Every structure is written in C-alpha cells, then in structure tokens.
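All remarks here apply to the structure that follows.
The numbers here are math on the coordinates, done by the rules we state, and not lab data. All values derive from a computational prediction rather than experimental measurement. Don't worry about glycine lacking a Cβ; one is built from the backbone with ideal geometry, like all the others, and counts go over all protein chains shown.
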Amino acid sequence: MDEAFFMFNEDVDWCRRMKLAGWANVYVPGAQVVHHVGASRTRVAPRVIFERHRGMIHYFHKHHPTNPALAALADALIMARAGVMLVGNAFKPAP
C-alpha cells in the first residue's frame, strides 16, 4: 500500500494497481456492508475532510501525470470541493 495515502483513496489506488498488474476487480451485487454506527449526519473533524481531499490530489498526480496547468486546475477544483464540504459540515450537528 502507498503510505502517502493517510486514510482515504488507498483502496482506489490499490485496486487500480492490481488491475494494471493483470488482476480483476470484481463487483458482487449481492454483497452487503452494514455499519452499526454511522456518522454521515453529524459533523466530522476538518482534518478528515482535508485528508480525504489531499488523498484525491495525490491519486490524481500519481495516476494522471499531466501538464502543470492542468494539474493546478485539478488541485484547485479538489480544494474548492473541500471548501464546500467544510462549509456544509459546519451546519451539521456535532457528534
């Protein structure tokens, strides 16, 4: 696993690298995951939002090397998304 991913996107990176190595990613439509404790309706720590988007930027740069202008645009769009999430997060109830 790429340790540059702190908490988010390491699974996406891993699946991409396995596919490039010839392995298959399989979708199992009948599979279910049950979260007994959910926090989607409560506020999350700003650090979590930051790390999620930092992971997106790292993934983009790792797998989509491109010209500096396009990379800067992608970075700006990802950080704008983080800003929107931070603002929306402020209106959620505290955990």
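In a shell of Cβ-Cβ distance under 13 Å around Ile57, excluding Ile57 itself, what net charge do Lys and Arg (+1) and Asp and Glu (-1) give? Charge balance in the 13 Å sphere: +1. With a Förster radius of 22 Å applied to the C-beta separation of Ala21 and Leu77, the computed FRET efficiency comes to 0.15. The smallest convex shape that holds all Cα atoms of the chain, its convex hull, gives 133 Å³ per residue.
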